[in-house]
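The values are calculated or read from the model by the stated rules, or taken from the named source; none is laboratory data. Please read these numbers as outputs of a predicted model, since none were measured by experiment. All Cβ positions, glycine included, derive from the backbone under ideal geometry; neighbour counts span all protein chains shown.
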């Protein structure tokens, strides 16, 4: 499904709920001005419930810090890091539709976030290192997971948070 072109004004007008629906389906359930983007998500209130399990491991005050959110999807974590005061948040995803959702969510929530369509294997192209790197729910999708981890580590100047699925069967 092609990503809606927000710059062309296709979603610039109209009720918020219609604009949210036009960008669907959503994988992240965000609350945008009181409207949930994925209220019937099969994982419940995702990713908010997952975030609550590790949120305390992250700094609550990110003033003066830079953050990279790899595989940002609709931007839940990038928005949360801006809410914690991060000076700079860069969020990347390889999927244009997810990036359209993330840009929209950042606009609605008033967060200044830089979004780039980029593969994890190409993060060095950003030309910088980040104080906090979030690599959440991406590793198990990688064809070359160790190479991906090497690439991610190369742009990490401080804390790296990796979360992935584990099959214990």
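For the stretch 32-49, the set of residues classified as exposed (fewer than 15 other Cβ atoms within 10 Å of the Cβ) and closer than 15 Å to residue 76 by Cβ consists of 39, 43, 44, 49, listed by residue number.
Residue 34 falls short on exactly one of the conditions (1) without any contact (Cβ under 8 Å) to a residue 60 or more places away in the chain; (2) more than 26 Å from residue 129 (Cα to Cα); (3) in contact with a helix residue (DSSP H, G or I) (Cβ under 6 Å, 6 or more places away or on another chain), and that condition is (3). Selection within the stretch 1-20: residues that are part of a helix (DSSP H, G or I) and at pLDDT 50 or above. The member of this set that is surrounded by the fewest Cβ atoms within 10 Å (Cβ to Cβ) is 18. The residues of the stretch 136-150 that are crowded, with 21+ Cβ neighbours inside 10 Å and assigned to a helix (DSSP H, G or I) amount to a single one, 148. For the stretch 18-31, a residue qualifies if it is closer than 13 Å to residue 80 by Cα and out of contact with any helix residue (DSSP H, G or I) (no Cβ under 8 Å at 6 or more places or on another chain), and exactly one does: 31. Could you list, in sequence order, the residues of the stretch 111-135 that are in a helix (DSSP H, G or I) and surrounded by fewer than 14 Cβ atoms within 10 Å (Cβ to Cβ)? Correct list: 122, 124, 125. For the condition surrounded by 23 or more Cβ atoms within 10 Å (Cβ to Cβ) and outside any helix (DSSP H, G or I), residue 157 does not qualify.
For the stretch 47-70, indicate whether the set of residues that are touching a helix residue (DSSP H, G or I) at 6+ places or on another chain (Cβ under 7 Å), at pLDDT 95 or above and more than 23 Å from residue 148 (Cα to Cα) is non-empty. Yes, the conditions are met somewhere in the stretch 47-70. Here residue 162 meets each of (1) modelled with pLDDT of 95 or more; (2) touching a helix residue (DSSP H, G or I) at 6+ places or on another chain (Cβ under 8 Å); (3) in a strand (DSSP E or B) with one exception, condition (1). If the condition is being surrounded by fewer than 19 Cβ atoms within 10 Å (Cβ to Cβ) and within 22 Å of residue 24 (Cβ to Cβ), then the stretch 63-78 contributes no residue at all. Taking the listed residues 23, 52, the one that is out of contact with any strand residue (DSSP E or B) (no Cβ under 8 Å at 6 or more places or on another chain) and buried (at least 16 other Cβ atoms within 10 Å of the Cβ) is 23, with no other qualifying. The number of residues in the stretch 79-110 that are in a helix (DSSP H, G or I), crowded, with 24+ Cβ neighbours inside 10 Å and without any contact (Cβ under 8 Å) to a residue 40 or more places away in the chain comes to 1. Screening the candidates 95, 69, 87 for the property of being out of contact with any strand residue (DSSP E or B) (no Cβ under 7 Å at 6 or more places or on another chain) and at negative phi yields one hit, 95.
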